[in-house]
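Written out below as C-alpha cells is the structure these notes cover.
The values are calculated or read from the model by the stated rules, or taken from the named source; none is laboratory data. This structure is a prediction, so every number in the text was calculated from the model and none was measured. Every residue, glycine among them, receives a Cβ derived from its backbone with ideal geometry; neighbour counts consider all protein chains shown.
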C-alpha cells in the first residue's frame, strides 16, 4: 500500500512538472495554434534566470522567489520578440513556423552555451525545500516536489481566472475562436496575439524556475522535455485547459507506475503506444469544443 | 458625400476575378439589398469593404477611405458586418459576445478588472434583439435565428453606422423574418443598411433599393419594381428574356 501511494505521489509530481511545462503551450499552441519549437528554450531561459539571480542576490530562498516574476517577464519578452519578428509573419503557414522556430531554438541553445558554458550548471535549492515531508513512518515526499505541485496548481488557477473572468481573457478566447469576427468587431487582433504569446511564454519561464529544483540546468534541457509537453496539449484537446490538466496527471501517474514495474525506457515506450492508440480512437483529443453550428 | 461609396472595386484571387470593377453608392439611411446568383461576388464585395479581402479601387464611408486600413480600424470607423451562417463566438455567452463588440474602446489598464454591472448600451441592445432572457447562455447553443439576432445586437453595441448583413434571415421562420425586417426598418432611421439576401419575398417587402450583381459586376440597380422589370435581370435569373 505504501508502495502504491509513494508511486502515486511520484506520478502526481511528474504530472505537475508536465502541467507547468504544458500550460504555456496550451496558450500558444492550444489557443493560437502556433507550433513554437523554441518553447523549450524559453523554459531554459527561466532556469538560467534562477542561476543568474543566485549569483547576484545570493540567498537561495529569496532569489527563487524573485526569480518567479523575473523569469516570467524574461521568457515572456523573449516570446514576444519571436512573435513580432517571425511568427506573426508566418500565420497560417504552420510548417514554416515549425522550421523557423526550430532554428530559433538552436540559436538560443548555442547562445546559452556561449553565455553560460556547455556543461550543466547547478543552483542551490532553498533549505526549506531540500528535505522531505514524512506522511507516515515509511512514506516520505520531497518538499521540492510539493512546492512544484503547488506552483502548478496556482498557475492553472491563475490562467483559468484570467481566461474566464477578465475582459482580457474574453478577448483572447474571442480571437482564438474566430479571428475574422473578432477583427470586424473592432478588436486589435495583433495586440491580443502578442499578449497571449507573452503570457504563454512567461509561463514557460515559470516552469523553468521550477525545474531548477529537481534537475541540472543546461543548454539542452528544453528540448528534452518539450515533446512530452506537446503530447499533453494534443491529447488533452487543443485549446482545452481542463484536458491539459487531466492528461498531465494521468500521464505522470501511468509513467511512474509502469516505470516501477519495468524500466524507464520501457515505460516511455508504453506511454507512447498508449497515446498513439488513444489518438487513433479520439483524434480530436480528450475534450473538444461543443457547438450547434455546422461549420 | 456621406454613406457608402464604392468606385471601381476589384478583387482578384490567384488570377480569378471575384469582383471586377464594381461601382456602388448607398446614401445614408438607405436599406439596400444586394442580390445575385451564387458566385456573383456579393460576399467578396463585403469582405473587401471590411478589409478581409485585398482589393483595389476606392471605398469610402462618410468620407473616410477604407481600403488599405486594418480590419479593426475599419470596424472602429463604424463599419459593421455579419457573416453567412450566423457567426458568433460560440464558446462565449451572449453577454460576453456583446461585451467583446462593445469593449474595443476599453483601455489596457481595465482589461484585468471584472465587470461589475451590465453597461446600459449592452442592456438596450439585449432588449432590441430580444435576447435578455438567454444572456448567460453559450452563444453556440442558441437556435439559428437567435444567433442571427445576436450578430445584429453586436453591431448595435459596436456603434456601427453602416450595417453590412450577409443573409440575415436565412433559415428563419416567417415570424422571425417579419420581426427582422421591421428591425431593419428601425435601424435605417439612424444607420445605413446593406443586406445580401436570396429571399425574394423578404426583399419585396423590406428593400428600399436593390443592386443586382452578376459575375463580379453590377448588372442592374434601382427600386424593386425597376429591377424586376429589367430584362437583363430576368435573363440571369431565368436563363432567357421573359416575353412581355
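Any chance you could count how many residues in the range B:110-155 are within 10 Å of chain A (Cβ to nearest Cβ) and modelled with pLDDT under 80?
6
Can you tell which of A:52, A:32, A:37 is modelled with pLDDT of 90 or more, surrounded by fewer than 24 Cβ atoms within 10 Å (Cβ to Cβ) and closer than 20 Å to residue A:99 by Cα?
A:37
Limited to the range B:50-83, what total is found for residues that are more than 28 Å from residue A:166 (Cα to Cα), more than 9 Å from chain A (Cβ to nearest Cβ) and under 17 Å from the mean Cα position of the chain (by Cα)?
6
Name the one entry in A:257, A:176 that is within 13 Å of chain B (Cβ to nearest Cβ), in a helix (DSSP H, G or I) and surrounded by fewer than 24 Cβ atoms within 10 Å (Cβ to Cβ).
None of the others qualify; the one that does is A:176.
Only residues that are within 10 Å of chain B (Cβ to nearest Cβ), assigned to a helix (DSSP H, G or I) and over 21 Å from the mean Cα position of the chain (by Cα): list them for the range A:126-167, please.
Within the range A:126-167, A:165, A:167 meet the criteria.
Sort out which residues of the range A:183-208 are assigned to a helix (DSSP H, G or I) and facing chain B (nearest Cβ under 7 Å), and write them in order of number.
Listed by number, the residues that qualify are A:183, A:184, A:189.
List the strands (runs of 3 or more DSSP E) inside the range B:180-230, counting only whole elements, that have at least 2 residues being free of Cβ contacts under 8 Å to residues at least 24 places away in the same chain and farther than 20 Å from residue B:168 by Cα.
B:217-222
With the checklist (1) free of Cβ contacts under 8 Å to residues at least 24 places away in the same chain; (2) under 27 Å from residue B:209 (Cβ atoms); (3) in a helix (DSSP H, G or I) in hand, flag the one item residue B:103 doesn't pass.
Only one criterion is unmet by residue B:103, namely (2).
Tally the residues that are out of contact with any strand residue (DSSP E or B) (no Cβ under 9 Å at 6 or more places or on another chain) and not in a helix (DSSP H, G or I), restricting the search to the range A:95-125.
Qualifying residue count for the region: 5.
Collect the residues in the range B:162-179 that are under 11 Å from the mean Cα position of the chain (by Cα) and either within 15 Å of residue B:101 (Cβ to Cβ) or outside any loop (DSSP other than H, G, I, E, B) (or both), keeping them in residue-number order. Write out each step before concluding.
Here is the first cut: in the range B:162-179, the residues under 11 Å from the mean Cα position of the chain (by Cα) are B:162-168.
Selection gives B:162, B:163, B:164, B:165, B:166.
Which residues, counting only those in the range B:94-109, are exposed (fewer than 13 other Cβ atoms within 10 Å of the Cβ) and at pLDDT 60 or above?
Result: no residue meets the conditions.
Say we look at the range B:50-78 and pick out the residues that are touching a residue at least 40 places away in the same chain (Cβ under 8 Å) and in contact with a helix residue (DSSP H, G or I) (Cβ under 7 Å, 6 or more places away or on another chain); which of these is farthest from residue A:180 (Cα to Cα)?
B:59
Could you tell me whether residue A:92 is more than 30 Å from residue A:4 (Cα to Cα), within 14 Å of chain B (Cβ to nearest Cβ) and not in a helix (DSSP H, G or I)?
In short, yes.
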